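A.B. asks: This structure is in structure tokens; I'll ask about it shortly.
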Amino acid sequence: MSAGFYFGAEVFINGLMTGVLYSLVALGFVLIFKSSGIFNYAQGVMALFAALTLVGLQDGQVPFAHLINSIFGTQVHHFGWHLPALLAILLTAGVMVVLAILVERYILRHLVNQPDIILFMATIGMAYFMEGFGDLMWGSEIKKLDVGIPQGGNFWIEENTAFLGGEDFYGFYLDSLDIVAAVFAGLLVLSLVLFSQYTKTGRALRAVADDHQAALSVGISLRFIWVVVWSIAGFIALVAGIMWGSKSGVQFSLSLIALKALPVLMLGGFTSIPGAIVGGLIIGVGEKMFEFLIGAPFLGGATENWFAYMLALLFLVFRPQGLFGDKIIERV
Amino acid sequence: MSTAETYQTPDGRTIGAQMMEMKNITLRFGGVKAITDISFDILEGEIRAIIGPNGAGKSSMLNVMNGFYHPQEGEVWFHGKKRGPMKPHQIAKQGIARTFQNIALFSGMSTLDNIMTGRLTHMNAGILKQALWWGPAEKEETENREVVEKVIDFLEIQTIRKTPVGRLPYGLQKRVELGRALAAEPKLLLLDEPMAGMNVEEKEDMSRFILDVNDEFGTTIALIEHDMGVVMDIADRVVVMDYGKKIGDGTPDDVRNNQDVIDAYLGVAHD
């Protein structure tokens, strides 16, 4: 086999890894959309907020330091401690649960039975609020996130796959971070599926997604379920925030990864968990392979920026419900 | 109007003390009165029917009973206590289960899972224990699963246990919905037109299940029905509603001979 083939294979595998990260973000959307019919515009900002909080806690930053300093004329910035990564992650998860409770208490509860567009607008407002709040709380400079995930090319894989190709093939180059991210995303999805299939709360979650009234009639508290759903979406945002944040630093652009989740959702369907996973993988592999095979040689490159959206557009034309979404039936 | 003493039905079941009492219920939607000053009671162990023409306010009454609607006036008494303002899911926990006129199942879930949701009020394991599939949570799943299997056997729906309910025919969906309500082992079972849209054979099956539930488990049942014939066969006592008002209350025979009821159903000449 030629080196070109192996290089193609490497691009494919890297595409899969990126795709897993896309899936992760998309999954947060799907969960909330399924259970409450809300398209949560703030999902990306939640990832940013989670990452900011994680870095802040880990480095012992004083929250609202700028605000405190400018009001009281003090000079506090750091508590002077450094938390272990695992503890900081657990604390951040706790913060995401608190956030979920606040969202339910101060937003969702007041908007019950409102049209979807109102709820959507509320999440847009929430996104901007959280973005500003995150900045105010932790500062707006770009931060480095390091929770001990290995980064850079994985030499073990490179060395042990080198024999596959000929003289000019040096083995697959895979970023360790991508591998870790893929493994974690996989575990997260697996545990989510198990949780929703085999526990009573999981069952209640699916019940609420299907029919609110019936759910109430069997004794399910919608408020509790909403808190659970938003907490899970918060955990997913946290994992996504850790992975993307470790990769490219914690900064505002982290919240834009949500935009990449949109084509994933159009492909996979807004209501399907497997759809989010497969959709993410297709987009991830698709954009890398398109760039490799067509983009770079013929179109001058940089196709990764728009390929996903074009694919989504094609899907909207030919299969608007996505690959796995509920079929859209209009009864006349 | 309400009779609180115990009595014996012709087929030998004992009807006990008062379970639920609706006192002077009035329900308005804006300026529209859906229910006007209605009072009646439900006794332990009986099959109580609410009948009436379309738009009489029967479903509204059921929705008041399970807490979907809160009446502007009147009181609901349950087991001798006045019920405060409660959410439907809290009322479900008190032992009131219901079915819906337009089937409200969790269509993406299997028959088994749908009926399992009926057991939620009996399951208490915390969310962390569930997430970790910890001892108590697992034990609880198994125990409740056994109850559900009994319900499935009772309703003779073993063959569709794993089928997503969205794919089932209408009659079977109605039966699964009944199963979900039964799984809660309710004290009071509310059925909103359990036989609506069914063919004769399905109606007979459903009537048999309702009678069996009442007989075997001693469950008190309040049901709304359109079909007079069915109601007269299975109900112990009947409330008749028309335009949000109560126009009759008593045994099927009483009601059958009530002139107001006859007028409401057959129409009356206005001159």
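The values are calculated or read from the model by the stated rules, or taken from the named source; none is laboratory data. Since the model is a prediction, treat every value here as computed from it, not as a measurement. Cβ sites come from the backbone with ideal geometry, for glycine too, and all protein chains shown count toward neighbours.
A.B. asks: Only one of these is under 20 Å from B:Ser59 (Cα atoms), aliphatic (A, V, I, L, M) and at pLDDT 90 or above: B:Val231, B:Val239. Name it.
C.D. replies: Every option except B:Val239 fails the conditions.
A.B. asks: With the checklist (1) more than 20 Å from A:Leu27 (Cα to Cα); (2) touching a helix residue (DSSP H, G or I) at 6+ places or on another chain (Cβ under 6 Å); (3) within 14 Å of chain B (Cβ to nearest Cβ); (4) crowded, with 22+ Cβ neighbours inside 10 Å in hand, flag the one item A:Ser221 doesn't pass.
C.D. replies: Failing condition for A:Ser221: (4).
A.B. asks: Find the residue count for the stretch B:217-271, including only residues that are within 20 Å of the chain's Cα centre (by Cα), in a loop (DSSP other than H, G, I, E, B) and aliphatic (A, V, I, L, M).
C.D. replies: Qualifying residue count, the stretch B:217-271: 1.
A.B. asks: Let me ask something additional. Can you tell me which residues in the stretch A:207-218 are without any contact (Cβ under 8 Å) to a residue 24 or more places away in the chain, within 8 Å of another protein chain (Cβ to nearest Cβ) and in a helix (DSSP H, G or I)?
C.D. replies: A:Ala207, A:Asp210, A:Gln213, A:Ala214, A:Ala215, A:Leu216, A:Ser217
A.B. asks: When you scan the stretch A:239-262, do you find a residue that is within 14 Å of chain B (Cβ to nearest Cβ), over 24 Å from B:Thr142 (Cα atoms) and either crowded, with 24+ Cβ neighbours inside 10 Å or touching a residue at least 24 places away in the same chain (Cβ under 8 Å) (or both), even just one?
C.D. replies: No: zero hits.
A.B. asks: While we're here: I want to confirm something. Restricting to the stretch B:171-217 and keeping residues that are among the basic types (Lys, Arg) and within 14 Å of chain A (Cβ to nearest Cβ), which single residue is surrounded by the most Cβ atoms within 10 Å (Cβ to Cβ)?
C.D. replies: B:Arg180
A.B. asks: I've got another one for you. Please indicate, with yes or no, whether at least one residue in the stretch A:84-96 is more than 30 Å from A:Ala261 (Cα to Cα) and not β-branched (Val, Ile, Thr).
C.D. replies: yes
A.B. asks: Tell me, which helices (runs of 4 or more DSSP H) wholly within the stretch A:236-327 include 1 or more residues that are under 14 Å from the mean Cα position of the chain (by Cα)?
C.D. replies: Helices (runs of 4 or more DSSP H) meeting the threshold: A:257-268, A:273-290.
A.B. asks: Output yes when any residue across the stretch B:73-93 is buried (at least 19 other Cβ atoms within 10 Å of the Cβ), farther than 20 Å from B:Leu188 by Cα and more than 22 Å from the chain's Cα centre (by Cα), and no when none is.
C.D. replies: No - not one qualifying residue is present in the stretch B:73-93.
A.B. asks: In this structure, is B:Ala34 part of a strand (DSSP E or B) and among the small types (Gly, Ala, Ser)?
C.D. replies: So B:Ala34 passes the test.
A.B. asks: Still on this model: If you take the residues in the stretch B:83-127 that are within 8 Å of another protein chain (Cβ to nearest Cβ), free of Cβ contacts under 8 Å to residues at least 40 places away in the same chain and in a loop (DSSP other than H, G, I, E, B), which one is farthest from B:Ile210 (Cα to Cα)?
C.D. replies: B:Ala125
A.B. asks: Separate question: Can you tell me which of B:Val213, B:Val200 is of a type in the set (Val, Ile, Thr), more than 21 Å from B:Ala56 (Cβ to Cβ) and touching a Ser or Thr at 6+ places or on another chain (Cβ under 9 Å)?
C.D. replies: B:Val213
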